[in-house]
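Encoded as structure tokens, the structure appears first; notes follow it.
The values are calculated or read from the model by the stated rules, or taken from the named source; none is laboratory data. In this text the structure is predicted, and so the values were computed from the model without any measurement. Glycine also receives a Cβ, built like all others from the backbone with ideal geometry; neighbour counts cover every protein chain displayed.
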Amino acid sequence: MQRYFISAKQFGDSDIRVTGEDAYHAVRVMRTKPGDKFIVSDGESRTALVAVREATPMQITADIIQMLPHASEPAWSVTIAQSLPKGDKMELVIQKGTEIGAYSFIPYESERMVVQYDAKKEAKRIERWTKIAKEAAEQSHRSRIPEIEQVHSWRELLVLISSYDLVLFCYEREGDAAHGKGIRSAVREWMDGSGERESIAAPAVLLIVGPEGGFTEREASEAEAAGAVLVGLGKRILRTETAGIVGLTCLLYESGEMGGA
């Protein structure tokens with residue numbers, strides 16, 4: 001069933017309004033007409049099944065049939081910190097990460113970053129990335145749209161580490177089975193230590209993914225000193241746009257989201 005995100009002010013006591021591009025899409029593309037049903041969410045606390053009363057490309061008015069529970073969000077809030085990749089790879093990370101269940105995304109600059117960051121284009125890119133996250137959240141029946149933060153510097157990212165319950169730094173050298181630590185062992189050590197699992201109902205986890213050129217030893221040392229745990233994602237070297245998706249899936253599996261705990 002089609003789903004749309006609307007603002008809190010578009011939610012009434014007994015009906016809702018869908019406007020702008022969403023109304024146009026619903027009427028012109030999805031051929032929505034009076035009597036049709038779809039789901040709306042304000043991205044915060046309200047999700048409802050509604051039936052269309054009036055429909056034009058400018059606005060849809062629909063009556064609330066039933067309020068629905070927020071049952072599609074993971075218990076763990078996992079943020080993917082992704083070093084800016086070249087081309088449209090960030091779009092893939094956001095689209096697939098949103099589908100899987102990422103809480104938010106932090107694009108950042110790193111030492112071996114291949115792409116040339118242009119601050120003048122940032123606003124337009126954030127706008128496009130947010131639209132991609134919205135569409136992916138609608139498609140995957142999320143109850144909220146992941147936030148896309150402004151581009152951070154490496155130093156700004158290091159400062160953020162202390163604000164998370166668990167931080168995993170994806171480092172290709174840790175993928176060596178001879179000495180490396182994987183996500184499963186890192187997560188289980190964290191959950192076993194100091195009663196973390198019982199004391200934190202909804203852990204905030206940061207997954208740091210490097211650029212096409214990989215992390216430098218200095219960056220790995222600085223991240224570890226700031227409180228991050230260095231982990232590998234297996235014996236193979238993954239592309240930057242693949243690593244975050246794999247890491248996020250592993251984390252949600254270990255949290256029990258996919259029957260893993």
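Points worth noting:
Residue-by-condition table, conditions (1) among the charged types (D, E, K, R); (2) out of contact with any Lys or Arg (no Cβ under 9 Å at 6 or more places or on another chain):
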| position | (1), (2) |
| --- | --- |
| Tyr4 | no, yes |
| Phe38 | no, no |
| Glu44 | yes, no |
| Glu54 | yes, yes |
| Gln59 | no, no |
| Met67 | no, no |
| Ala71 | no, yes |
| Leu84 | no, yes |
| Lys89 | yes, no |
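- Per the listing Met90, Met67, the residue uniquely of a type outside the set (S, T, N, Q) and in a helix (DSSP H, G or I) is Met90.
- Evaluation of Gln66 against (1) touching a Leu at 6+ places or on another chain (Cβ under 7 Å); (2) touching a residue at least 40 places away in the same chain (Cβ under 8 Å) (one fails), failing number: (2)
- Here Ser194 meets each of (1) among the hydroxyl-bearing types (Ser, Thr, Tyr); (2) surrounded by fewer than 21 Cβ atoms within 10 Å (Cβ to Cβ); (3) modelled with pLDDT of 85 or more with one exception, condition (3).
- Summed over the stretch 1-19, the residues that are surrounded by 11 or more Cβ atoms within 10 Å (Cβ to Cβ) and not in a strand (DSSP E or B) give a count of 5.
- Every condition in (1) surrounded by 18 or more Cβ atoms within 10 Å (Cβ to Cβ); (2) assigned to a loop (DSSP other than H, G, I, E, B); (3) of a type in the set (Asp, Glu) holds for Glu73 except the one numbered (1).
- Any hit, the stretch 130-142, residues being in contact (Cβ under 8 Å) with a residue 40 or more places away in the chain and closer than 17 Å to Ala243 by Cβ: no
- Residue list for the stretch 229-255, filter: surrounded by 23 or more Cβ atoms within 10 Å (Cβ to Cβ) and assigned to a loop (DSSP other than H, G, I, E, B): Leu233
- With respect to being on the phi > 0 side of the Ramachandran plot and assigned by TED's automatic domain parsing to the domain that holds Ile126, Gly43 falls outside the description.
- Among the residues of the stretch 28-60, the ones that are closer than 26 Å to Pro146 by Cα and not in a loop (DSSP other than H, G, I, E, B) come to 12 in all.
- Only one of Thr242, Thr249 that is of a type in the set (S, T, N, Q), modelled with pLDDT of 95 or more and more than 17 Å from Glu73 (Cα to Cα): Thr242
- Of residues in the stretch 61-107 being under 17 Å from the mean Cα position of the chain (by Cα) and of a type in the set (D, E, K, R), the one farthest from Leu251 (Cα to Cα): Asp88
- Scan of the stretch 136-149 for residues that are modelled with pLDDT under 95 and farther than 18 Å from Ser45 by Cα, ordered by number: Gln139
- Conditions (1) in a strand (DSSP E or B); (2) of a type in the set (A, V, I, L, M); (3) surrounded by fewer than 20 Cβ atoms within 10 Å (Cβ to Cβ); number of the one not met by Val114: (1)
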